[in-house]
Structure formats: C-alpha cells, structure tokens
Amino acid sequence: MTPAPRTLPASPLAAPGTRRLGLVVNPVAGIGGPAGLKGSDGADVQAQAVARGATPRATARAVAALRTVVRIFPGVEVFTAGGVLGADAAAQAGLPGRVVATGPVHGTAADTVRAARELSAAGVDLLLFAGGDGTARDIHDAVGEGIAVLGIPAGVKMYSACFAVSPVVAGTLAADWLAGRVDSASSADVLDIDEEAIRTGQAEPRLYGTVRIPRVQGRTQARKTAAPASAAAAVRRAAAGASILLRPGTRYLLGPGGTMRALAELIGVPKTPLGFDVVEDGHVLHADADESALLAAAAGGPCQAVVTVIGGQGFILGRGNQQLSARVLRALGKDALMVVATDDKLTELGGRPLLVDSGDPALDHALSGYTRVVTGPGTSTLYPVRAPEHHSIDTDGT
Amino acid sequence: MSLPIAPKPRLRRFHQARWDEPIIFELSTPGERGVLVPRPEPKVRDAVGDVVAALPEGVRRPTPPRLPEIAQMRVLRHYLRLSQQNLGADLNIDVGQGTCTMKYSPKVNEAVINTPKLADLHPLQAEASAQGVLEVFWQLERMLAEISGMDRVSLHSAAGSAAIWTNVAMIRAYHAARGEGDQRTEVITTIFSHPSNAACAEMAGYDVITIHPDADGYPDIDALKAAVSDRTAALLITNPEDTGIFNPRIREFVDIVHGVGGLAAYDQANANGILGITQARAAGFDLCHFNLHKTFSTPHACGGPAAGASGVSAELAPFLPGPLVEYDGDHFFLDHNRPQSIGKVAPFYGVTPNIVRAYAWIRALGAEGLRAVAETAVLNNNYLLKRVLDIPGASAPYASGRRRIEQVRYSWQELHEQTGVTSEEIGLRVADFGAHYWTSHHPHVVPQPFTLEPTESYSKDELDEYADILAEVAREARETPDVVRTAPHNQTVHHTHHDDLDDPERWAITWRAYRRKHFGEHP
Ligand SMILES: Cc1ncc(COP(=O)(O)O)c(C=O)c1O
C-alpha cells in the first residue's frame, strides 16, 4: 500500500521481463513534409527538401518515443541498427542501445528492410520504427506478419493503421509491451500512396499488406455491453453480418482487406490478400481474379461484389481494388456492391463520406448518395458516398 | 480573528478505507447464529404437526440453503466495512457517471416506502384493500402522460432497457395487427442514441439501421431519408443523444418515418434537461419511455430493480402491457381484459417502491419545480462544460462550440497524444481524490471518452471541486504521468484483472456463480 499519491508502487510497471524492444529509424522520413513536398520518397525529393532547408525529424521523434520508455524503464536495453538507423536516437534518449544490425548505410529503403530483418533475427519481439507509410511498407517487406511492429509517426503520410497517434503514445505502448501490460497483437493494414500522384493532385492510396501491432484491450472497450471487446471481434462481427446475407447460387467477388479475409474465414475458403476471389456456395471459382475474370463471373448469372473500406480515406472503389472496374460494375448492374465495415472504421472518417472512384464519372455519380454498410448480423449503417472530385488529402502527417 | 483550524487544502487528501474484508461466505462458522429462535413448545408442535410435510413437494428443499452462518454484530461490521470501500452516490460527487443521471434520491421517500402500509402489501391481495397504491399508480401514469404529452402510460417495465423492449414489442404488435408484420422488418436508430435501442430492436428480430452524425454533429437527416422504406417498422431515437446534443430537427425525423408508415419511439431517458420544456407528443412521437431511476430520482440500486415507464398515443394504447389500472369514478381496479395487449413484461404491476418514490418526488416539486430541475440541470452542465474545456487537452467532439443539454461526452484525445495517458487511467486517478469517473459506454467512437452529467443536484462548489480534480489529474498527466498511469494509489484495491471481468466463462457476480465457474460446483 502506498501512503502518498506521488510515490510509485512497484507494480504493475515492474521490471521488464524477457521481452525485447527493437528500433529502426528511417532517417529521411518526413523530410519532404515541411518543405511542402507531400512525401519524401526518392533521392531527388530528398535533395530538394534539404535545399529548401528541411532537417530530418524522424530521429527527434524516435527520441521522444524512447524518452517515454526510459522514463518508465530507466536503463532498459533497446536493440537497434547502427548510427542514424537507430543507435543515434537511442544514445540521445540516454539508452544503452545494443546495436545488432550493422552494415553500410546507403540512405535507401534497403537499409530499413535489412535492419528490420536483422533485428527480428536477433529476437526482438516488438519493433518500433520511425517513419511514414513508405517505411511501414519496408517494414512489411522485412518482417511481414512475423514479430509485432509499431510506427512512431514521423513521415509525411501515415494512412496505414500501424502507427501510434503520437511518439509519446508509441513509447507508452512500447513500455506497456515490455511490462507485459499489453501482450497480444492483431493485424493492421499497411497502405501506401503514390507520392508522385499526390504531388500532381491525384491521390492513390492502396492496400499494401498487413503487419501485426500490439493490441490494446482498454477498459473503455467492453464495459457494460455485449459489444465486441476488440477491433478484431468487431471485424468478425461485420464479416458475420455479410456471411448471413450470402445467397446460394450467387457468385460473390470478395475484394481485398482484413474484413474480407475474416469473411473468407467464416465461409471456409482461402483468400488472396490483395486481390479478388470469386466465391460461390463455399467454393472458390477463381482465385486472384483480374478484370476479365471478374467480367466473366459477372456474366455467368447472379453476382455481387463484396468490398470494404480501404484505408483511412474511405475509398470503397478505385483504391487497391482497381480490378473491380467500371465495366465490371456495369455488368453487375443494380445492387452491384455489398459494403462491409465496422462502425469504428466509419467513425474514423470523422463525418467524411465514403469515396468511389471507378474512373467513370457517370457511374460514380450513380453510386453516390447513401449506401448501406453491413456492420454485423442484422445490423447496418446508412452512410454517405461521394466521388472524390474536390476531395483533397491532408498531407500534414505530423 | 480566525479560528485555530488549519485551512483545508483545495483538493481533498482523500484516502479510501481498505479492510481486506473477506467475502461473507468465508466468514461463516458452522453453528454460529444471529438469532436463536426458541423451539416450539410441545403443545404448539402437537397442534401444528409437521409443517414441512404440509408443503407441496415442489417447493420443499432437499438440502438447506448454503447461507453463511454468522452473528449479527459481525454481519453489521462486515457490511459497514464494505460500505467504506465504496464510492457510492451518497458519498462522492457523482457527476462522473454521465448518461446515468445520478441525482439525489430524497431520504424522506425511503421513509414513505418503508411504512407498513406499503411494505406489508401483497400483490395478490384484493383490489378493494389496495386502493391507495392503485391510486398512486393511476396518478403517476397521468403525471407522466402530461409530462410527455402521451395518452396512456404503463409502469410495468423494471428498467429503461425493459421499457424500450416493451415499446419495441408494442411496435411489433401494432404492425402485426395491421397485417404489415412480415413486411416491416427494419428499425432505424442513430449511433448516439443509447445502445439499448439498437439492442432491443435486434432482440426482437428487427434488422437495425444506424445513422451517423452529419458534418455538423447532428443526426444526418438525409441518411434517414435514404434509410426509410415500406420495410421501416420504427425509428428509435434518444434526444438529447448521449453526447448531450439535442436534435433540433426531431419533428422532421418523426414526419419522415410517419411518411412511410413507420412508428416513432422516443427514448426519453435523457429527459432531465427538457422536463416541462418540450414533450414527446409535440414532436409527433407515437411511443416514449422514461427511466424513473434517472429523471425521477429513484435509486439505480446497483443494477436494479429500477423502473421504466412507457407512454403511448391513443392508437397504441390497446397494446400496452397489462393489466392497466382504471378508475370508475369510485374505485380503482385492474383491467385484465385487454385482448391486444402484449401481455406481461414483469411480475404484477411494476416496481412499486420506485413508483411510489417517483410519485412522491414529482408531487414534492410540482410542475414549476420540474421545470426548475431541467433548467438547473442544463445550467450546471453548461457551467461544467466551460470549466472542462478550459483544461488543456480536453475537448467535446461533435457540434463543436454549441451548448449541450444535460450531459456531455468529452474526449481526452489531445492529452493522450501528448502524454500517453488514457481516459481509463485518468478515471482511476480521479478515484484517488474521492470522486467517481467512468469512461462510459458503447459506441466506443469518441476517442479517450468521458461523460459527465451534473444533474440539478450538485452545487457550483461541488462542480468546481470536480473540475479542479480533472484539471489536477490532467496536470499530473503532463508533469508526472506515471503517477496517473499507476493509479489508483489511495484506493481499496489497486488494479483488477480485466480478463476476469470481461470473460463470461470466468466472471462471477454471485458466490454461487464463483463456486460453479471456478470449482465446478453445481449447488
Ligand atoms: C438514454 C438512455 N436510454 C436507455 C437507458 C437504459 O436504461 P436502463 O439502464 O435502466 O436499462 C439509459 C441508461 O442509462 C439511457 O441513458
């Protein structure tokens, strides 16, 4: 028992156990943002940013995250890559970083990938990475759905779901991981946007893959209700809602995304992570179908596309699922789409509509209005849908 | 000249009692008794015979109940200690439990319900001998009809959710009676209507369509227009919603649903800020419900029994649960002959002690008093809103910049991003100052939420104290975040194991459930 409020009890933030925290920093992440360059990919852009007086901030943000970890666990050991890839940040945060990933630094994405692989091989079980969506993509390439990862937001764009909301929150979560307060991980979408397209005003976020992030099961989640206790359960509930709407003898074109994967699991069929699968009566008729295969499926009798919301932008068509083209949608006719998503995903849009960009303005117009989004068995949400004409992307990812 | 008493600090140096008190079953000693009942004298025993044998087989226990065996004084100490380990409504500034309308439940009403005239009544006794309580039912029904503008009211439901269920059952019966039962399969609600609305509709087999707020933070009326059809059975809506936001276009909402032949049901459990100001019927609603344990002061009683009331238009009155209390100008009586009634939703006629408390509360205040309740509750809420929004890191999402009715769903998202401290941790730290705070309920769409509802019961000083506690904890979150993250420090228990509380296989709220789930006993 603690006599005064300011004395900390030993528990529950006890000394870290056997967990290993890793860190990799993308030293050039975010360099293009303050310079108004909407991203930092490419040596040209980086040079241009430096010419405009930009300084890298990823290290500073990694330091902010690590300081939070040190505050809670003074002297904790962090496994890092050498120099600007992490050891510098650890040193600035006053941590004895153990450098396990050495090797030449080329200033390219390959550095991140190599460092993440070596850290994973060194037994790190939570890898913090400082960067943006591009860095998340590299982390995905390196570790896939192996060890848990968590993004320290330091890039220009952070549409992927694997970032903490701030460096301090990333550090807090990492400390909770070390303390065993958070001990399970769930999958999160990694997105990327073609920066060249944003620079020319045409944003193209797409689903790149999934990684595993620490799953925080807050007390705020499951009190007093039979509501899903976790995001994963909410996704399963939405998928279950879609599964009971599937009719025999109808072909379903299951699109990409975690929700569609959950639906495929319920039906008992395999799912191509980033593609469309044609499914009828519990069987895959065509895996990873391209546009022509989807057209063929649509021509063969009753058929409906099942899609979910891709990324934080609210696209249900035209991002990450371009196979479902205007031609396919026209062939599907009325009720072409079944949209499935959790209410959380809709709320994260902050009142912004869902977006359709089929490449055919007349069709986009026809699909605009309100759509029924399946959120669970017998439950749905009526939500606005628009074409993204005047939609601009907020590129200030700080 | 000042008194020789040191000034008290601005914030209390509170410390909760901690007794490490065992569960009463663990205190049991075989043979220990509170009262030793004398054995019957032989004469009595002979005259009465074997009373147990006279009971029907089905009500005879094969084994005695496993009650704790413990003396009176130990029982008293046990419960007094437990009460000291609690932050009850009579102990703390209970504004932190927003959506629950934690107001003062006048003690004098306890005296009223404890009179033998009421306590010794039996629900099966003859109507002629229970005229008083029947009149209380009848009068309270009429008062609630006047408050809501509805034609008839039933007091049968034992809680708010139960009253919503009652309303959904009446909606179903109404459409069935018109031959549209199979066609009308959908119920529409809003995401910030209390989740009981969607839950009851789902329970009744309806497909539930939810509407999100529009860009201004109000329920999206165009979404409603797109949602309605000849499949619409009803709109179930709370107003003000659990965010404290009042939907100014509520009449249009009702008209849109009526336009397709659906019914409109008003969850008036948040009526504390609109009593005497607006009526459900004025907005065209066909049904409504109140929570007597929120708005009309009756205790929440740790999960019940509470009391709900359903009000309906004349067209829906035949479907009300039965029996209804009627008055023939001379006598009050129960009318069981109601062929279209949905039947019983609870034993007998409702939770009588709460009905009497609510009746007494309304009678004590009168019509002007009810309006003063609403005005004070709204003023208190908007005062607290100002105080909370002055705390760096706190915000009130949706309809920003607007005033709220009687409660506000706030967010600590900004503070969380800056400090890593969560709303839940803040709540545990608030308990160190002797105040209750909860992060509130579904839908979990406001990030790092907290909901405050000050009601009319709390003084300005008390609201200031509560706001000062929040400001102090927010300051700590920035300056000494680990103090908050490891809270509570001055409480009876430190942390509980969450999984044990969230997992139906393990949670146990009774001793019997605990023995069954953890030791495999089947008593
Ligand atoms: C607006 C609203 N509706 C319904 C309910 C459900 O009432 P009960 O908890 O009595 O079931 C509540 C409970 O607080 C409420 O706030």
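The values are calculated or read from the model by the stated rules, or taken from the named source; none is laboratory data. Treat the numbers as computed from the prediction; the structure is a model and nothing was measured. Cβ sites come from the backbone with ideal geometry, for glycine too, and all protein chains shown count toward neighbours. Accessible surface is based on the protein model in full, side chains and every heavy atom, while ligands, DNA and RNA are left aside. Shrake-Rupley method; radii C 1.70, N 1.55, O 1.52, S 1.80 Å.
Here are B:R74, B:R152, B:R61: which of them is touching a residue at least 24 places away in the same chain (Cβ under 8 Å), basic (K, R) and under 30 Å from B:G31 (Cβ atoms)? Answer to the selection: B:R74.
Within segment B:223-246, being closer than 10 Å to B:D267 by Cα and either of a type in the set (F, W, Y) or modelled with pLDDT under 95 (or both) holds for one residue alone: B:E241. Going by the structure shown, is B:A169 more than 14 Å from every other protein chain (Cβ to nearest Cβ), within 16 Å of the ligand (Cβ to nearest atom) and part of a helix (DSSP H, G or I)? Yes. Number of residues in segment A:58-78 that are more than 13 Å from every other protein chain (Cβ to nearest Cβ), touching a strand residue (DSSP E or B) at 6+ places or on another chain (Cβ under 7 Å) and open to solvent by 40 Å² or more (accessible area, probe 1.4 Å): the value is 1. Please tell me if B:T185 is modelled with pLDDT of 95 or more, within 16 Å of the ligand (Cβ to nearest atom) and in the same structural domain as B:L324 (by TED's automatic domain parsing). No; evaluated as a whole, the condition is false for this residue.
Counting only residues that are small (G, A, S), give me the strands (runs of 3 or more DSSP E) lying completely in segment A:329-379 with at least 2 of them. Fully inside segment A:329-379 and qualifying: A:369-376. Taken over segment B:270-299, the residue count meeting the criterion of being under 19 Å from B:P321 (Cβ atoms) and open to solvent by 10 Å² or more (accessible area, probe 1.4 Å) is 3. The helices (runs of 4 or more DSSP H) found wholly in segment B:191-303 and carrying at least 3 residues that are more than 16 Å from the ligand (Cβ to nearest atom) occupy B:221-227, B:250-259.
Of all residues in segment B:214-259, those being within 14 Å of chain A (Cβ to nearest Cβ) and open to solvent by 20 Å² or more (accessible area, probe 1.4 Å) number 11.
For segment A:325-379, the set of residues classified as polar (S, T, N, Q), within 14 Å of chain B (Cβ to nearest Cβ) and within 22 Å of A:Y252 (Cβ to Cβ) consists of A:T342, A:T371, A:T375, A:T379, listed by residue number. For segment A:275-308, which positions are within 21 Å of A:V373 (Cα to Cα) and open to solvent by 10 Å² or more (accessible area, probe 1.4 Å)? Listed by number, the residues that qualify are A:P302, A:C303, A:Q304. Could you say whether any residue in segment B:438-448 is surrounded by 22 or more Cβ atoms within 10 Å (Cβ to Cβ), within 16 Å of B:Q97 (Cα to Cα) and more than 22 Å from the chain's Cα centre (by Cα)? Yes, segment B:438-448 has at least one match.
What do you reckon, is B:A346 open to solvent by less than 50 Å² (accessible area, probe 1.4 Å), more than 14 Å from chain A (Cβ to nearest Cβ) and within 16 Å of the ligand (Cβ to nearest atom)? Taking the combined requirement at face value, the residue satisfies it. Residues that are under 30 Å from B:A372 (Cβ atoms) and assigned to a loop (DSSP other than H, G, I, E, B) are absent from segment B:461-480. For segment B:72-120, the set of residues classified as over 22 Å from B:A17 (Cβ atoms), aliphatic (A, V, I, L, M) and within 16 Å of the ligand (Cβ to nearest atom) consists of B:V95 only. Using the structure shown, decide if B:T185 is surrounded by fewer than 22 Cβ atoms within 10 Å (Cβ to Cβ) and either within 17 Å of A:L346 (Cα to Cα) or out of contact with any helix residue (DSSP H, G or I) (no Cβ under 9 Å at 6 or more places or on another chain) (or both). Yes, satisfied. Counting only helices (runs of 4 or more DSSP H) that sit wholly inside segment A:135-224, those with at least 3 residues that are crowded, with 19+ Cβ neighbours inside 10 Å and either modelled with pLDDT of 75 or more or touching a Lys or Arg at 6+ places or on another chain (Cβ under 8 Å) (or both) are A:167-179.
Out of B:P318, B:P353, B:P323, B:P339, one residue alone is over 30 Å from B:P481 (Cα atoms) and either within 16 Å of the ligand (Cβ to nearest atom) or within 14 Å of chain A (Cβ to nearest Cβ) (or both). It is B:P353.
Table: residues versus (1) surrounded by 18 or more Cβ atoms within 10 Å (Cβ to Cβ); (2) over 18 Å from the mean Cα position of the chain (by Cα); (3) at pLDDT 95 or above; (4) of a type in the set (G, A, S).
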position: B:C302; (1), (2), (3), (4): no, no, no, no
position: B:A314; (1), (2), (3), (4): no, yes, yes, yes
position: B:A317; (1), (2), (3), (4): yes, yes, yes, yes
position: B:D328; (1), (2), (3), (4): no, yes, yes, no
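Taken over segment B:401-426, residues that are within 12 Å of B:A477 (Cα to Cα), of a type outside the set (F, W, Y) and either assigned to a helix (DSSP H, G or I) or out of contact with any Leu (no Cβ under 7 Å at 6 or more places or on another chain) (or both) amount to 11.
Within segment B:398-426, the set of residues being facing another protein chain (nearest Cβ under 9 Å) and out of contact with any helix residue (DSSP H, G or I) (no Cβ under 7 Å at 6 or more places or on another chain) comprises B:Y398, B:Q413.
B:G311 meets each of the listed conditions (1) closer than 16 Å to B:E146 by Cα; (2) within 14 Å of chain A (Cβ to nearest Cβ) apart from (2). Kindly indicate whether A:F129 is aromatic (F, W, Y) and away from chain B (no Cβ under 14 Å). Answer is yes for this residue. With the condition kept exactly as written, say whether any residue in segment B:136-157 is hydrophobic (A, V, I, L, M, F, W, C), within 16 Å of the ligand (Cβ to nearest atom) and modelled with pLDDT under 95. Within segment B:136-157, not a single residue is hydrophobic (A, V, I, L, M, F, W, C), within 16 Å of the ligand (Cβ to nearest atom) and modelled with pLDDT under 95. Pairs are defined by a Cβ separation below 6 Å, a sequence spacing of at least 6 or placement on different chains, a first member in segment B:347-364 that is within 14 Å of B:L124 (Cα to Cα), and a second member that is open to solvent by 20 Å² or more (accessible area, probe 1.4 Å); the pairs so defined are B:F348/B:P123. Mind listing just one residue for me: the one in segment B:427-449 that is outside any loop (DSSP other than H, G, I, E, B) and more than 13 Å from B:A474 (Cα to Cα) and, of those, nearest to the other protein chains (Cβ to nearest Cβ)? Result: B:P449.
For A:G241, the conditions (1) within 11 Å of chain B (Cβ to nearest Cβ); (2) surrounded by fewer than 19 Cβ atoms within 10 Å (Cβ to Cβ); (3) modelled with pLDDT of 85 or more are fulfilled apart from (2).
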